[in-house]
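Just so it is clear, none of the values below were taken in a lab; they were calculated from the coordinates. Computed from a prediction, not measured in an experiment: that's the story for all the values here. Methodologically, a virtual Cβ is constructed for each residue, glycine included, from the backbone with ideal geometry; neighbour enumeration extends over all protein chains shown.
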Amino acid sequence: MSKLPVFFAVLVCLFAASFALAQENLPNPYAVATFECLGLYYTVPPSDDLSQCAVRYRGADGGAWREVIPLFYNVRDSQFRGSIVGLEPDTRYEVELIHNGKTLKLTASTMSEDFPVGRTTFLDDGVSDGLLEITRSGTPEGWHLVTVRPGAKHVIDPEKTQAHNIVIEGSYIIVRGLELRMAGQDAILIRKGSHHVVIEDCRITEWGRGDRRMAWLGWGDSAVRAGAGVGDLVIQRNLIENPTGWSNDWDTGHPSGPQAITLWNSSGHNIIRYNEITSTEDHGYNDAIGGGSNYSWQGAPNRDSDIYGNIVANVWDDAIEAEGANMNVRIWGNYIHHTFTHIATATTSRGPLYIFRNVLGLSRRTQKDPIGGTMIKVGGDDRQWRGGRRYVFHNTALQPRGAFRVFSGHQLSDVISRNNLYDCPGVLTGVRDPIEPLDFQYDFFTGISNGKRWLKNRIGGGKPALEPSQGLEWFPAVTTTRIKWGRTEVEHGGEHWTQTDKVIRVPNPMIDSGAEIPGFNDSYAGAAPDIGAFERGRPPLKFGRRAGRKVVIAPWEVR
């Protein structure tokens with residue numbers, strides 16, 4: 001018998017034991033809050049009824065109860081887990097879990113978007129060429145803010161003579177409104193042991209080593225790099241652009257080059273939102289947002305984390321890499337374009353992971369993959385690390401000549417897919433040894449799949465993980481791109497005229513054709529939810545630094 005499987009078995013047992021020990025001092029059930037979400041945890045012995053744990057919530061001041069989808073049960077951890085999304089910041093909520101004939105109650109408050117400041121360090125107006133080291137911590141009641149005075153600008157530009165612009169070794173620290181240029185390696189380094197750090201409203205550019213051969217040694221010089229175990233980060237409204245280095249493509253091996261944000265085996269509870277991450281074509285990223293370890297119980301962002309409202313472009317591998325535990329990790333409302341893999345989730349060892357209302361643009365093409373990569377990477381030969389669920393809801397991918405496939409991975413497992421619009425050549429490719437539950441319903445796609453027969457055998461068979469309410473199930477509209485929706489007669493400039501091109505009058509199959517998903521599409525406008533990221537009759541999605549509730553004009557933007 002090989003010693004390697006034994007090693008992994010021992011490792012799994014040890015980590016499971018340490019995870020269980022870490023839960024002993026926590027309430028049961030309990031919640032972990034971010035600005036707009038609550039992650040829920042309820043430990044239940046395997047001997048109990050594990051069929052379902054329903055959830056409902058309301059504001060602490062009363063009002064109507066709202067349901068969300070039932071919690072996911074992770075057998076390895078003997079724990080029900082799940083998230084409530086779309087909440088208001090700095091708001092208290094009542095939550096009820098209904099399980100095995102009893103109702104458990106808890107209250108939790110979402111995070112405030114305003115951090116209390118106790119000490120402020122103002123940087124001088126102008127340009128500095130040295131390293132800024134921030135070692136003085138704040139407290140939960142009074143954070144240490146490092147910024148510039150109103151009307152001033154501060155640029156840190158060492159012209160590659162320093163490895164970093166800023167090194168942070170402390171906690172409860174805010175870095176706001178700075179322009180960082182020409183770091184020799186990582187622009188901002190957050191050292192191991194630090195926590196509760198906010199990086200906001202900064203411009204970070206031209207960092208890293210220019211010789212791509214060094215990228216293999218540096219493994220992704222980053223605009224923001226967090227050391228091992230660092231967590232409780234908020235990285236928001238930053239412009240991250242134009243690294244000095246560049247990444248190779250898959251034709252010459254695994255991409256290696258600069259990254260925008262790198263987390264390494266984070267402790268979790270990270271919020272990455274409303275950033276704009278772009279570059280030129282010849283200075284593309286390896287990954288934009290990511291880290292490691294991928295096949296692990298930790299990884300990046302690990303747990304209780306949100307990635308939303310970002311614009312990500314010009315990436316040679318993964319635009320967003322959420323790999324490892326993915327325990328109550330939520331990825332939504334991002335615009336991703338010109339990448340190879342849009343969202344990587346290999347693996348999701350603990351779960352659940354939520355991917356919803358993202359807009360996915362074109363995938364890069366290489367000689368090896370002449371029609372692009374994949375939208376959601378789901379895993380390789382990684383049985384020992386599986387067990388966490390992925391929910392994929394209301395995403396839009398309009399790229400008939402873009403990514404070849406939506407889901408890619410040798411071992412597809414634990415995916416619940418609803419109300420997605422996939423306009424692309426393929427849906428499932430390269431799937432071997434699929435492991436249930438796999439539940440794809442109410443999705444609209446225009447392509448084909450080499451797993452089509454395997455998939456059809458599972459549609460309508462058995463009880464789905466989410467009850468369908470109405471509409472369609474797995475809608476294979478292979479002729480969609482050859483149909484024009486509209487009227488043959490239109491009013492134009494006061495004249496009544498008829499189009500000469502033949503127009504087939506059919507109802508838009510995306511409108512009012514989706515399934516109801518409690519907690520994710522309750523505010524639909526029509527007879528039923530629309531398919532895709534956008535809901536007709538509701539405000540459009542917004543992305544980037546002006547997308548949040550708080551619009552900030554950073555000092556470096558004022559010219």
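Okay, here's what the table says:
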| quantity | calculated |
| --- | --- |
| Sequence of His338, His254 once ranked by neighbouring C-beta atoms within 10 Å, starting from the fewest | His254, His338 |
| Among 87-95, 46-54, 238-246, the order from most to least packed when residues are scored by Cβ within 10 Å on average | 238-246, 87-95, 46-54 |
| Percent antiparallel among DSSP beta bridges (both partners in region 90-205, rounded to 5) | 25 |
| Cα lying deepest toward the dipole's positive end in region 22-109, options Ser78, Tyr42, Gln52, charges on Cβ | Gln52 |
| Region 22-109: relative contact order as a whole-number percent, Cα under 8 Å and 6+ apart | 33 |
| Nearby aspartates and glutamates by direct alpha-carbon distance to Lys192 (threshold 14 angstrom, same-chain neighbours under 8 apart not counted) | Glu169, Asp232 |
| Dipole of region 22-109, positive direction: furthest Cα of Trp65, Gly101, Asn28, with charges on the beta-carbon | Gly101 |
| Rg/Rg_ref, region 22-109, where Rg_ref = 2.2 N^0.38 Å and atoms are Cα | 1.05 |
| Dimensionless Rg ratio for region 58-211, taking C-alpha atoms and the 2.2 N^0.38 Å reference | 1.46 |
| J(HN,Hα) series, region 390-396, from Karplus relation 6.51 cos²θ - 1.76 cosθ + 1.60, nearest Hz, glycine and proline x | 10, 10, 10, 10, 6, 9, 10 |
| Relative packing of peptides 146-156, 195-205 - highest average C-beta neighbours within 10 Å first | 195-205, 146-156 |
| FRET E, pair Thr121, Val551, Förster distance 35 Å, beta-carbon r, rounded to 0.05 | 0.90 |
| Cα convex hull volume per residue for region 229-317 (Å³) | 87 |
| Largest-first principal axis extents of the Cα set of region 142-293 (Å) | 50, 34, 28 |
| Most to least packed among 348-356, 543-551, 515-523 [average Cβ atoms within 10 Å] | 348-356, 515-523, 543-551 |
| Nearest-20 debye value, region 22-109 charge dipole, Cβ charges on Lys, Arg, Asp, Glu | 120 |
| Pairwise FRET efficiency - Asp90 versus Ser51, Cβ, R0 = 45 Å, nearest 0.05 | 0.80 |
| Proximal aspartates and glutamates relative to Lys550, as straight alpha-carbon distance under 19 Å, when same-chain residues fewer than 8 apart are discounted | Glu36, Glu88, Asp90, Glu113, Asp114, Glu200, Asp201, Glu276, Asp306 |
| At R0 = 41 Å, FRET efficiency that the Cβ-Cβ distance of Val75 and Asp114 yields, to 0.05 | 0.50 |
| Region 293-333 - Rg and Dmax from Cα coordinates, angstrom | 10.8, 29 |
| Aspartates and glutamates with Cα under 19 Å of Lys102, excluding same-chain neighbours fewer than 8 positions away | Asp48, Asp49, Glu67, Glu94 |
